[in-house]
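To start, the structure under review is shown below, and the notes come after it.
Computed from the coordinates by the stated procedures, all read-outs in this text should not be read as laboratory data. Just so we're clear, the structure is a prediction, and the values are computed from it rather than from any experiment. Don't worry about glycine lacking a Cβ; one is built from the backbone with ideal geometry, like all the others, and counts go over all protein chains shown.
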Amino acid sequence: MFLCRSDELSEGRYREFTTEVDGETVFLVATRHRGEPRAWYNVCPHQGRALNFAPDRFLTDDDGHLVCCAHGAVFEPDRGRCISGPCRNAELKAVVLSESDGEIRVSA
């Protein structure tokens, strides 16, 4: 399923997308890390809240890690693993992406 054009996902910038997964509308957070597109459900494992503080607006630290706006959990941009905060070592639920012909798609 189409997520976005490749040029809409910049290295190190986090974006929010709405798509369908298994027939349900879901919110995702996506980024590009070391050239590869990455995406996860936009749900912090600590308390199930959205990671962003406003639509398509995410906090990051100086090292490019994603920071949950609610309680400050810090997530790696490659695996989505929490490296600091209340859910240390928990991982964001990943969504598999594919990229070809200038498009990023959610893989089935």
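Structure above, values below:
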{"item": "Filtered trypsin sites (Lys or Arg not before Pro), the stretch 1-54: DSSP coil and at most 12 other beta carbons within 10 Å", "result": "ARG34"}
{"item": "Furthest towards positive pole of dipole, ASN52, CYS87, LEU9, structure part the stretch 1-89, Cβ charges", "result": "CYS87"}
{"item": "Label zone at GLU91 (point 7 Å along Cα-to-Cβ), backbone N below 15 Å, the stretch 21-52", "result": "38-41, 45"}
{"item": "Segment GLU36-ASP78, length gained on full extension (0.36 nm per residue, minus Cα span)", "result": "14.2 nm"}
{"item": "Extension gain, SER98 back to GLN47 (0.36 nm per residue minus Cα-Cα distance, nm)", "result": "15.4 nm"}
{"item": "Rh by Kirkwood over Cα pairs, then Stokes-Einstein D for the stretch 1-102 at 1.002 mPa s and 20 °C, µm²/s", "result": "157 µm²/s"}
